[in-house]
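Novice: Let me begin by handing over the structure; questions about it come next.
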Amino acid sequence: MTTSSSLESGLFASFWDDGLLDLLLGCAVLTTGLGWVAWGPLAILHVPIWITLWAPLRRTFVEPHAGYVRFSQSRRERNAHYLAFSLTLGIGALALMGLAALRLAAGPTAPTVSGPLWIAGLPAFLIALGILGGSLLTHSRRLLLYTLWLTLCAIGVALLRGEPSISLLVGGGGLLLGAILQWRHFRHASREFEQTSSS
């Protein structure tokens, strides 16, 4: 690997370290949990709105402190492949969530391996799979931690026979906490860089 490609890989990895993506993911999961109480699986339909907010919010709140980077053509092509994979994973997750909704609508049954015992944790687990796809796109280790956290929330609500909304609310809250800590770290680092540059 050349020095320039190594530098670009480092820049790409740090490109997502501002915490904005974490914040949007946390808001998406948390509001899905809130909406699940009233609308069930349909609550996930608002998630694309949060995704569209990323670019304008980054231009407004992040780039004034972090600057703007244009990546190479090969990097953009790899990003397109990862994005296609993530979208495919997301579509599959939505399809499975629809099947879960039909299963839940069929009425309560005894908690078995194929019954509500695992279905209760399915929404959080499917969202975790979507975040896993995002980690492949961004090369972010934090997203792997979020994937693990949501998976644990899914397992917990399934074992406790709770409502799917509980795992989404707890999972989204954890993501928001991670986002706040990451944003604080980013702002602290950017202030130090700005002070060093101006001195």
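The values are calculated or read from the model by the stated rules, or taken from the named source; none is laboratory data. Computed from a predicted model, the values in this text were never measured in an experiment. Here Cβ is always computed from backbone atoms with ideal geometry, including for glycine, and neighbour counts include all displayed protein chains. Note: areas computed on protein heavy atoms with side chains; ligands, DNA, RNA excluded. Shrake-Rupley method; radii C 1.70, N 1.55, O 1.52, S 1.80 Å.
Novice: Pairs only if they're at least six apart or on different chains, beta carbon under 8 angstrom, first in the range 24-52 and within 14 Å of residue 167 (Cα to Cα) and modelled with pLDDT of 85 or more, second open to solvent by 90 Å² or more (accessible area, probe 1.4 Å) and not in a helix (DSSP H, G or I); list them, first residue then second.
Specialist: Final answer for the pair search is 36/163.
Novice: Okay, next question. From the list 144, 126, exactly one residue is part of a helix (DSSP H, G or I), at pLDDT below 95 and open to solvent by 30 Å² or more (accessible area, probe 1.4 Å). Which is it?
Specialist: The conditions single out 144.
Novice: If the Cβ limit is 6 Å and pairs must be 6+ apart or interchain, which residue in the range 117-145 that is on the phi > 0 side of the Ramachandran plot pairs with which residue that is outside any loop (DSSP other than H, G, I, E, B) and at pLDDT below 85?
Specialist: Once the first residue is on the phi > 0 side of the Ramachandran plot and sits in the range 117-145, its partners that are outside any loop (DSSP other than H, G, I, E, B) and at pLDDT below 85 give 139/13.
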